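Before any comments, here is the structure.
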Amino acid sequence: MKNERILVVEDEPKIAELHRDYLDKSGFQVRILNRGDGVVDLMRQDPADLILLDLMLPGQSGIDVCRELRSFSNIPIIMITAKTEEIDRLLGLELGADDYICKPFSPREVVARVKAVLRRSRLTTTDGPWLKGGPIRLNSETREVLIEQNPINLTPNEFGLLEVLLKRPGRVYSRDELLTLVQGYDYAGYDRTIDTHIKNLRKKLQTYGVEASINSVYGVGYRFQIPS
Ligand code: CA
């Protein structure tokens, strides 16, 4: 089995070395960049399996790097920030990071989060136009959804939601972000309507024995866990 490759983007050499030591011991292949500029070019040419991305970086900020990466890539990204309060702001910016870690962190925790994000990113598989997660299969072309082999009827909004969530299990989405992704435009002011769609989608999934797959994240929004 090939070792998974982690790109660490961190300008403080001591912290970068700490990441390297622990990730290396856990069997990952680690590469370090100490500036933000250059990350996007490198990932276009030679993508890693996951990026640990510091927020404050010379050259280009972690925020800009994350945003630019997301314009062409689904690579798992864990953002590292110095302040817990920053996380709310970062989520508000809808950067599309998969997880957030606060400094000071324990290196063991970083390894655990890296493993968790990689595990989640492997859970959804594709088979032509079909997205598969646990018992759920969704076809983006024919707009069919099957649970086990049973077809399930969803409204266009429910289908859009499930499609977005199924593509990135574990990732936390704000209500605004879900509305924009599902409806394709900014729907400012009405973000609670997403709660109704979520409620109905949950109910339908439950009818087919899929429990607790869409979880509320207090004060933020929702995240999807692949059901077993
Ligand atoms: Ca820094």
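The values are calculated or read from the model by the stated rules, or taken from the named source; none is laboratory data. Owing to the predicted nature of the structure, the values given are computational and were not obtained by experimental measurement. So basically every Cβ, Gly included, is an ideal-geometry build from the backbone, and we count neighbours across all protein chains shown. Accessible surface is based on the protein model in full, side chains and every heavy atom, while ligands, DNA and RNA are left aside. Shrake-Rupley method; radii C 1.70, N 1.55, O 1.52, S 1.80 Å.
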Legend entry - Square roots of five times the Cα gyration tensor eigenvalues for region 5-121, Å: 18, 16, 14
Inset, instruction - Between beta-carbons, use under 10 Å as the cut-off and find the net charge around residue 168, counting Lys and Arg +1, Asp and Glu -1. - result: +3
Legend entry - Within straight-line cross-link reach of residue 204, aspartates and glutamates at Cα separation under 20 Å, skipping those fewer than 8 residues along the same chain: 144, 148, 158, 163, 195
Inset, instruction - For every other residue with a beta carbon closer than 13 angstrom to the beta carbon of residue 134, add +1 if it is Lys or Arg and -1 if Asp or Glu, then tell me the sum. - result: +2
Legend entry - Under the Karplus curve 6.51 cos²θ - 1.76 cosθ + 1.60, θ = phi - 60°, whole-Hz ³J(HN,Hα) for region 104-113, x wherever Gly or Pro sits: x, 10, 8, x, 5, 5, 4, 4, 4, 5
Inset, instruction - Extending each Cα 7 Å along its Cβ direction at residue 144 and residue 35, get the distance between those two points in nm, one decimal. - result: 5.2 nm
Inset, instruction - Identify all lysines with a Cα-Cα distance to residue 167 below 17 Å; exclude those on the same chain that are fewer than 8 residues away in sequence. - result: 132
Inset, instruction - Using the heavy atoms of the protein chains and a 1.4 angstrom probe, tell me the accessible area per residue for the chain in square angstrom. - result: 52 Å²
Legend entry - Antiparallel DSSP beta bridges within the chain, percent to nearest 5: 55 percent
Legend entry - Per-selection Kirkwood Rh - the chain (Cα, Å, 1 d.p.): 18.6 Å
Inset, instruction - Excluding residues on the same chain fewer than 8 positions from residue 83, give the lysines whose Cα lies under 18 Å from its Cα. - result: 103
Inset, instruction - Leaving ligands, DNA and RNA out of it, report the carbon-plus-sulfur percent of the accessible area of region 130-224 at a 1.4 Å probe. - result: 47 percent
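Would you mind calculating the relative contact order of the chain from Cα pairs under 8 angstrom and at least 6 residues apart, reporting the percent as a whole number?
On the way: 365 pairs, mean separation 30.7, N = 228.
Relative contact order for the chain comes out at 13 percent.
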